[in-house]
Structures are given as C-alpha cells and as structure tokens.
Amino acid sequence: MAARRPWLANRPAWWLIFLAQLAPLIYLAWAIPTHQLGYEPVVDSLRFLGDTALYLLLIGLAVTPVQRLWPRAGLIDYRRMAGLYAFFYASLHILLWVIIDRQLDLAAIWEDVVEREHITFGAIAFLLLVPLAITSSRGWMRRLGRRWKMLHRLVYPATALVVLHYFLSVKFDTRTPIILAVLLLLLFLARPITRWLAERGRRSD
Ligand code: HEM
C-alpha cells in the first residue's frame, strides 16, 4: 500500500501558507495610503513590521516540535518559508527605519547602533539572521552537512536578542515582550522533550 502523503505537503497548502505570510505586507500596503494607522504611521509601520518578523521567527521555531508530535502534518518544509519571511519583514523594518526615520543619515544611524542599547541588540540580532537566510537553501544544507544544523541553532540567540530589543524599546507596558520571552523559553525546552517523546513513540511501535 502506498504511504499516505502528509497533509500539508501539497501545492494548494503551500500557496495558502505562502499568501498567509504575505498578508501582513498586503495589509500595510493598504493601511498606509488609506490612513488606517495611528497618528504616527512610520512608527506604527515600524512596530508592525518588527512584530511580524518576530512572530514569524517564533512560528518557525514551533515547526520542529509540532512536526515531531504530529509527523503527518508535513510541516517541515514550511520552517524555511517562515524563517525567510521573518528575515524579509525584519529587513523591511530596518529599511523603513534607515530611510524614513533616520533619513539615510549614516552618522546618526551609526551613533544609534552603538549608543542606543535596544538598537544595538536589534542590529546584532539581524547580523545573526543574515547567514541563516543565506544558507537556508537545500544546496547549502547539503554543502554544510552537520555544520548546517549547528549554524541554524543561531536562530535561538537571534530571537532572544530580538525579544530583548523589543523589551528595551517599550517605555511602559513590558508585558508582551515578557510573554514572548517565556514562549521562546518553552519552544527551546520543547525541542529535547518532543525528541524524547518521538523516540519513545517509535520504540513502542
Ligand atoms: C538594525 C536593526 C534594527 C533597528 C535599527 C530596529 C529599530 C527599531 C525601532 C526604532 C523600534 C522602536 C519603534 C518604536 O516603538 O518607536 C523597534 C522595535 C521593534 N523591533 Fe526593531 N530594529 C532592528 C532589528 C530588529 C529585528 C532583526 C527584529 C525582528 C526580527 C526587530 C523587531 C522589533 C520588534 C518586535 C519591535 C517592537 C515592536 C512593538 O513595539 O510592537 N527589530 N525596532
């Protein structure tokens, strides 16, 4: 009997998930010209793009544990898509800040990167994400072998730095970044726990 295909490993599901991750950009492209954002559309867009990037990083991190507990979901191919989209939104977040907020003033940009703590952590996080985005293809996976896995574990410190960047950038209500830090810790712990559960399940089959 032929093995049953994982649920989400098909073209319609791929397109649905691809478009769902593009939706925040479509929303922003509609919300800016139609004045749907608040009194400070640049700051609001900056926050929206930053939030989207961070949520996609967390979604990408959730893929492996969910896939281990639910192998028939066929989620694993979407881990790379979420990571690349996270990088895309983080790049737009930074470009908006560099071009509109800082008006391409390189001296002011550098001063912020070295002197404003939350910008420093955001910049380091972004630098960590660059090699991950570059080496995300199957070709790089093959070329780097075991080192690929080690390199891609950098996504945890990168995401932790983004959460810290968020925490330091908010002035009053720090509840959301604290909740996200707890979520990140749970995702980190979920890896060994779900690996153990999956191995136990295989042994008892
Ligand atoms: C050079 C790198 C970066 C710069 C210059 C930068 C800039 C900023 C600025 C200025 C804010 C504060 C906006 C405000 O509330 O006034 C902010 C917030 C934020 N940034 Fe970044 N960022 C950088 C990297 C990143 C990266 C790599 C991510 C995600 C992958 C990210 C995600 C966020 C998030 C989640 C917030 C909080 C948004 C909110 O308050 O809802 N940032 N960033």
Calculate how steeply helix 155-169 sits against the longest principal axis of the alpha-carbon atoms of the chain, using the helix alpha-carbon long axis, and give the answer as 0 to 90 degrees to the nearest 10. 30 degrees
Among 94-105, 71-82, how do they line up from the highest to the lowest mean number of other beta-carbon atoms within 10 Å? 71-82, 94-105
Angle, helix 106-115 long axis vs. longest principal axis of the chain, Cα atoms, 0 to 90°, nearest 10? 70 degrees
Loop only by DSSP, 11 or fewer other Cβ within 10 Å of the Cβ. Give me the chymotrypsin sites (Phe, Trp or Tyr not before Pro) in the stretch 136-204 that pass, ordered by residue number. F172
In whole Hz, with x marking every Gly and Pro, tabulate ³J(HN,Hα) for the stretch 117-133 from phi via Karplus 6.51 cos²θ - 1.76 cosθ + 1.60, θ = phi - 60°. 3, 5, 6, 4, 5, x, 5, 5, 4, 5, 4, 5, 6, 4, x, 5, 5
Any idea how far apart W110 and R138 come out in nm if each label point goes 7 Å out from Cα toward Cβ? 4.4 nm
Using the Cα centre of the chain as the reference point, and only Cβ charges (+1 on K/R, -1 on D/E), how large is the resulting charge dipole? Debye, rounded to the nearest 20. 1800 debye
With θ set to phi - 60°, apply the Karplus curve 6.51 cos²θ - 1.76 cosθ + 1.60 along the stretch 23-37 and write out the HN-Hα couplings as whole Hz, x wherever there is a Gly or Pro. 3, x, 5, 5, 4, 5, 5, 8, 5, 5, x, 9, 6, 8, 7
Among rounded, prolate and oblate, which fits the chain when a ≥ b ≥ c are the square roots of the eigenvalues of its C-alpha gyration tensor, a/c under 1.5 means rounded, and a/b larger than b/c means prolate? prolate
Please work out the FRET efficiency for the pair V98 and V170, using the Cβ-Cβ distance as r and a Förster radius of 22 Å; give the result to the nearest 0.05. 0.55
Charged-residue dipole, Cβ positions (Lys, Arg, Asp, Glu), the stretch 71-132 about Cα centre, Debye nearest 20: 520 debye
Quick one: length gained pulling L25 to Y55 fully straight, 0.36 nm per residue minus the C-alpha distance? 9.4 nm
The chain, relative contact order [Cα under 8 Å, separation at least 6], %: 21 percent
Of all accessible surface on the stretch 1-130 at a 1.4 Å probe, what whole percent is carbon and sulfur? 70 percent
Using a 1.4 angstrom probe, figure out how much accessible area the chain has per residue, in square angstrom, rounded to the nearest whole. 65 Å²
Just to confirm the number: angle between the C-alpha axis of helix 77-96 and the first principal axis of the chain, 0 to 90 degrees, nearest 10? 0 degrees
Go ahead and estimate [θ] at 222 nm for the chain from helices alone: -39,500 (n - 2.57) per DSSP H run with n ≥ 4, summed, over the residue count, rounded to 500. -26000 deg cm²/dmol
Under 5 Å, built H, 5+ apart or other chain: amide partners of G74: W7, L8
Using the Karplus curve 6.51 cos²θ - 1.76 cosθ + 1.60 with θ = phi - 60°, work out ³J(HN,Hα) for each residue of the stretch 185-195 in order, rounded to whole Hz, and write x for Gly and Pro. 4, 5, 5, 5, 6, 5, 4, x, 5, 6, 5
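The values are calculated or read from the model by the stated rules, or taken from the named source; none is laboratory data. What you see is a predicted model, and the numbers here were worked out from it, not measured in a lab. Heads up, the Cβs are rebuilt from the backbone with ideal geometry, glycines too, and the neighbour counts pull from every protein chain shown. Heavy atoms of the whole protein, side chains included, go into the accessibility calculation; ligands, DNA and RNA do not. Shrake-Rupley method; radii C 1.70, N 1.55, O 1.52, S 1.80 Å.
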